[in-house]
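Single-structure report; data block below.
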Amino acid sequence: MRHRVNTRKLNRSSSHRKALLANLVSSLVLDDRIETTLTKAKAAARLADRMVTLAKKNTLASRRRAVSILRRREAVKKLFDEIGPRFTERQGGYTRVLKLASFRRGDGARTALLLFSEEAPGVAPEKAKAKGKTKAKAQPEVAPELKEENAPAAETAPAPKVRRVRKKKAKPSEPEKGGAEE
């Protein structure tokens, strides 16, 4: 069981794992999307979410902490100047891991796309908030001329349900009483 075990070890030493994740997240910040294996993408997504949370604070201490983790100043600069302000209204879930249909050629590992999750460009904030509502509330209203056409159909009673009756199987006939029992 994996109780209270928070890290994916990725078959690497701790220093190698930290360097790998720092490189993956730095590349994600600089390129906005990376393609890697599914397991590495899931591990890097956790670290990337933490980095965006640091970028949202935008303090000197958070910048220094981000530099110590990511190890690339240009990635930290872009993180705090561009990516952090994009997610000021969002409370979490800054990254997405999309499984790809392809497998890596060398070892057959499952590949995934790691990217920052954002609303589609041009979507107004009101529409983005309405996205979380239930389907019944979010559906557009029907035009009045269409309502009139559908009104007679709605007033009629629905067709009664047809019940199917199973036929009972005939019981096998009892064996004739023969001379053995007499």
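Taken together, the values in this text are just the output of simple stated rules run on the coordinates, not laboratory data. None of these values were measured; they are calculated from a predicted model. When we count neighbours, we look across all protein chains shown, and the Cβ atoms used for this are built from the backbone with ideal geometry, even at glycine.
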Q: Mind checking region 1-94 for GluC sites (Glu not before Pro) that DSSP puts in a loop (not H, G, I, E or B) and that have at most 12 other Cβ atoms within 10 Å?
A: E89
Q) Length gain on complete extension for the stretch K99 to L113, per 0.36 nm per residue less the alpha carbon to alpha carbon distance? A) 4.4 nm
Q | For region 14-134: span of alpha carbons on each principal axis (Å, largest first) | A | 46, 39, 20
